Ligand SMILES: CC(C)(COP(=O)(O)OP(=O)(O)OC[C@H]1O[C@@H](n2cnc3c(N)ncnc32)[C@H](O)[C@@H]1OP(=O)(O)O)[C@@H](O)C(=O)NCCC(=O)NCCS
């Protein structure tokens, strides 16, 4: 069954599915404009009949790091292997870009462990993720997600803090 890069025509379905799970914090809420702007990050899964089954995105920070975001399968298609199909496609995409490490934050580490992701105990090892999302996240000091990575953790970062460094140190401890 097809796994393909998303097109702008998919943006409404992607937006509806991602935001259907943002209320309880399962996924980060993403405005429609942001989905459209970043639609090229997304990969979608379709049934053989062309039905939209789910999606996932690969955000590129740089050659050192990418991130799996917004990976979700529609409830009626769960358990059919489409989540792992999407994850494999995103990992292959990272490889095609020559990116050495793919990270993500999740509440379901078991799902990602089976695809070779490992738990990153010290989030400070992923500073670009912290600079991009964590410091503006409402759950900054009560984050219940597990940081994970696939590949070799980067020894460089390219984003800088928007908040005082002390806040980020608090986050990382
Ligand atoms: C997580 C999700 C994408 C998995 O999609 P899926 O198509 O149902 O998963 P698959 O059928 O590919 O499952 C493959 C394996 O992962 C396991 N798995 C699936 N969902 C899981 C979950 N929530 N927690 C732990 N393991 C899970 C399955 O048991 C299966 O293992 P098996 O091969 O040993 O039987 C889907 O459940 C979903 O959309 N969840 C809500 C959104 C979400 O939580 N996204 C992750 C945010 S970081």
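Where a number appears in this text, it was derived from the coordinates with a stated rule and is not lab data. Treat the numbers as computed from the prediction; the structure is a model and nothing was measured. Counting neighbours? That spans all protein chains shown, and the Cβs are built from the backbone with ideal geometry, glycine included.
Let's test the formula: R0 of 41 Å, r as the Cβ-Cβ distance of residue 95 and residue 142. What FRET efficiency results, to the nearest 0.05? The value I calculate is 0.75. For the residues 73, 102, 152, a GNM of the chain with alpha-carbon springs under 10 Å puts the largest fluctuation on 152.
Both numbers refer to the Cα atoms of the stretch 20-173; Rg and Dmax are 15.5, 53 Å. Helices in the chain, meaning DSSP H runs of at least 4 residues, each add -39500 (n - 2.57). Divided by all residues, the mean residue ellipticity at 222 nm is -8000 deg cm²/dmol.
Among 160, 23, 49, the largest mean-square fluctuation in a Gaussian network model of the chain (Cα springs under 10 Å) belongs to 49. Residues in the stretch 74-108, backbone N under 19 Å from the label point at residue 40 (7 Å along the Cα-to-beta-carbon vector): list them, ranges by number please. Inside the label zone: 90-99. The distance from the alpha carbon centre of the stretch 111-149 to that of the stretch 72-91 is 21 Å, rounded to a whole number.
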